[in-house]
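In what follows, a single structure is set out as structure tokens and then discussed.
Any read-out appearing in this document is the output of simple, stated calculations on the displayed coordinates, not a laboratory observation. Being a predicted model, the structure only gives us computed values, none of them experimental. Here the Cβ positions follow ideal geometry from the backbone for every residue, glycine too, while neighbour counts run over all protein chains shown.
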Amino acid sequence: MERYEKAFLAACAAVLVLFLCALGYSNLVLGAHLPSHDERVYCSAGQKLRKVLLKTPPFDHIGVREIAPGKYEAVLIAQIWLFTPDEIDLPVGAEVKFVATSADVIHGFFIPGTRVNMMLIPGQVSEFDYRFTKPGEYLLICHEYCGRLHHTMSGKVVVK
Amino acid sequence: MSTAIVSEPSGFALPQGQLNVIRWNIYFGFAVLAVGVIMGLGQALSYARVNIVQYYPVVHSYYQGLTIHGVLNALVLTSAFANGFLLLTTARALARKLNNALLQAELWTLLIGSLLAAYAMLSGKASVLYTFYAPLEAHWTFYLGLALVVISTWMTSAAQLVALRAWRKEHPGERVPLLAFMSITTYVMWDIASIGIAVEVVVFLLPWSLGLIAGVDPMLDRTLFWFTGHPIVYFWLLPIYVSWYGLIPRQAGGVLFSDTVTRVAFVLFILLIPVGFHHQFVDPGVSEGLKFTIAAITFAVFFPSLMTAFSVMYALEIGGRRRGGSGLVGWFFKIPWGDPSVAAQVLAMIAFMLGGISGLMNASYVMNMEIHNTAYVPGHFHLTVGCAVALSYMGIAYWLIPYMERRELWSRRLALFQAFLYFFAVMIFSRGLIAGGLEGMPRRTNMVYATYGLPAWRIPGIMTGVGGSLMFVSAMLFFFIAVMTVVAGKKTEAGDVPFTATVQTPPRIGWQPRLDRLSYFVAASVVLVIAVYGPFILGHLPLRLTTAGLLYP
């Protein structure tokens, strides 16, 4: 290998390692976590996943509830082509844990303008913690194709 | 002597019958691209909230059109082009005929598979998009068709390996010619990478769509899809790298510098296959530790592309300087910009730099939460597959069609205009999608009828529509030039594949000859695949059915 080539490749490797360190720092020190919750809901042939879900905690109590002072849990089920519930009300600054799953096909769970971005996969429970610091009305949209009326599947998060 | 090791220099032409099979692969690929591009126009305009899909014949919904666009352009076109192009480069570099039976079987398998999938998609029974995530269910002909298209690529690989084995017997102790090495490595990589999609389709989805099994595990199927779904990107890209490393230096009047560095870059793609989880960064059920490991491997696989940037740019610089260019950047303007084949591919390289950088952002672990499944993602991959790869196909076609037809290119000037138009069109289009995506504009969504929207999506949407329309015009110009070349190009003598020479020839002693022993790298790759995917897949076995299917909802 030529000298210039070695220098170029060493610089490239250094930059990539630096990027990777920055990501590790944001994750471990700044606490930016990916949704990685692992919990499954099984449903055998002949059963309806939606019915199984409604008997499985926490999906037997859909909606928002305060689990500790200033801490909320928002439990949602996605199905074609709606979120239940389709509106979530939260006070400004509250910590919220979104717990959601799908009752039929794969859906998305995305609040534009925030980091709240996760996939809802039938048989898997998704969780994500977030704190809304600005009041306002936020869009909640399904951002994975889920059938012919996919583009109508949305809800809202109202932060007051 | 040096050229001998890139490709057999004494001249070799494939028998006409075999060249015809290659020709039909390439032409079929471009015919399919034409259909895909027509669909694409409707999708681009829908971001500008203009609905032209309603006037399309046969296609009844945005999502049906999007399925056709994705499957035809990303799977059928890319397989057809790679099959044809890399069979040609392999045969030429080894100066050997190919196995006739495999060649015929490959072409027919590709055609039949494509027709089956086309039937399912055109009849509206498979509007499941290019990713066909279960439990969205398609008609069985869709899954069977896709499986056959993949099998046609395996047949291509077999034809290459049969030729290589025969060549090795006749040339003991010699290094494999570089052009053949790159072409064969591409397919060996794909042979491993395609196992995921093959298992997903043949073991789960096809029997499920035929009613033989009751349900599927959506998480497992999705993971198998992405096992293939990322390295398929290398399968799109590496045939282009074969052209960039092996042909473009010669076309630009230069020469490739290092044989060894080129081989190392290709081998790294075999080694670093299991990166598919970076498409699942926001999935449940995959641990953060595994996700971070995958981010690291993904960053590692960026490395061979950076090697390529150096090698190819250096080869172009040699060309530019030989043609009288001087100074730090002066050589860049002296490369043969008047040759549409070179111009298109150099523009494609520029697009690929932007595509690569935007891809690195996608792959950046926690940053992915900002952009996952937003319009940013198609903004990124239209810079890579939609421009770096597609525009390179066009550039290659500008010598390949004249070569196969023994005719001159029909209008050089129009071809040049076409290439520049395509490049700038993609810049506008992708800028629109990326800007929209950063504002949370979703991908794969019919924006014409969406019941929600944000003001910040408006201008990006219009840019997407304008850029996409210009891409459509440019692609149509390409098809026009291609057809005119075939029917009305001036007849010429038979030419040759424009393969380059290298400055540093491959050593016959030392560690470098071991690079040609692909079996070592295949074994290492399989070990890494098992380490990354083994525990996850075991965690989903034995199969506990989670849900039944939804047939075309």
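Structure values in brief
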quantity: Residue check, residue B:497 within 29 Å of the chain's Cα centre (by Cα), away from chain A (no Cβ under 14 Å), more than 30 Å from residue B:274 (Cα to Cα) and touching a residue at least 12 places away in the same chain (Cβ under 8 Å); calculated: yes
quantity: Looking only at region B:409-462, and only at residues there that are closer than 30 Å to residue B:494 by Cβ, aliphatic (A, V, I, L, M) and assigned to a helix (DSSP H, G or I), the one that is nearest to the other protein chains (Cβ to nearest Cβ); calculated: B:419
quantity: Residue among A:147, A:108 that alone is assigned to a loop (DSSP other than H, G, I, E, B), in contact (Cβ under 8 Å) with a residue 24 or more places away in the chain and within 9 Å of chain B (Cβ to nearest Cβ); calculated: A:147
quantity: Filter result (surrounded by fewer than 24 Cβ atoms within 10 Å (Cβ to Cβ) and within 7 Å of chain B (Cβ to nearest Cβ)) within region A:111-123; calculated: A:112, A:113, A:115
quantity: Within region A:27-66, tally of residues that are within 8 Å of another protein chain (Cβ to nearest Cβ) and within 18 Å of residue A:118 (Cβ to Cβ); calculated: 11
quantity: Answer from B:386, B:440 - the residue that is in contact with a strand residue (DSSP E or B) (Cβ under 7 Å, 6 or more places away or on another chain) and small (Gly, Ala, Ser); calculated: B:440
quantity: Scope region B:345-397; condition within 14 Å of another protein chain (Cβ to nearest Cβ), in a helix (DSSP H, G or I) and of a type in the set (A, V, I, L, M); matching residues; calculated: B:353, B:357, B:360, B:361, B:366, B:367, B:369, B:371, B:377
quantity: Which listed residue is part of a strand (DSSP E or B) and among the hydrophobic types (A, V, I, L, M, F, W, C), from A:83, A:19, A:8; calculated: A:83
quantity: Segments classed as helices (runs of 4 or more DSSP H), wholly inside region B:11-102, with at least 3 members that are in contact with a Ser or Thr (Cβ under 9 Å, 6 or more places away or on another chain) and of a type in the set (A, V, I, L, M, F, W, C); calculated: B:16-47, B:78-94
quantity: Residue count for region B:298-321, restricted to those that are over 30 Å from residue B:251 (Cβ atoms) and either more than 11 Å from chain A (Cβ to nearest Cβ) or crowded, with 19+ Cβ neighbours inside 10 Å (or both); calculated: 2
quantity: Filtered residues of region B:119-132 (kept if touching a residue at least 40 places away in the same chain (Cβ under 8 Å) and of a type in the set (A, V, I, L, M)); calculated: B:121, B:122, B:126, B:128, B:129
quantity: Whichever residue in region B:8-23 is surrounded by 14 or more Cβ atoms within 10 Å (Cβ to Cβ) and of a type outside the set (A, V, I, L, M, F, W, C) and, among such residues, is nearest to residue B:482 (Cα to Cα); calculated: B:23
quantity: Close pairs from region A:61-74: first at negative phi, partner assigned to a loop (DSSP other than H, G, I, E, B), Cβ under 6 Å, at least 6 apart; calculated: A:72/A:94
quantity: Residues within region B:138-185 that are in contact with a strand residue (DSSP E or B) (Cβ under 9 Å, 6 or more places away or on another chain) and not in a helix (DSSP H, G or I), tallied; calculated: 2
quantity: Subset of region B:281-297 [small (Gly, Ala, Ser), at the interface with another protein chain (Cβ under 7 Å from one of its Cβ atoms) and free of Cβ contacts under 8 Å to residues at least 40 places away in the same chain]; calculated: B:287, B:296
quantity: Single residue of B:400, B:360, B:347, B:391 found to be free of Cβ contacts under 8 Å to residues at least 60 places away in the same chain, in contact with a helix residue (DSSP H, G or I) (Cβ under 9 Å, 6 or more places away or on another chain) and not charged (D, E, K, R); calculated: B:391
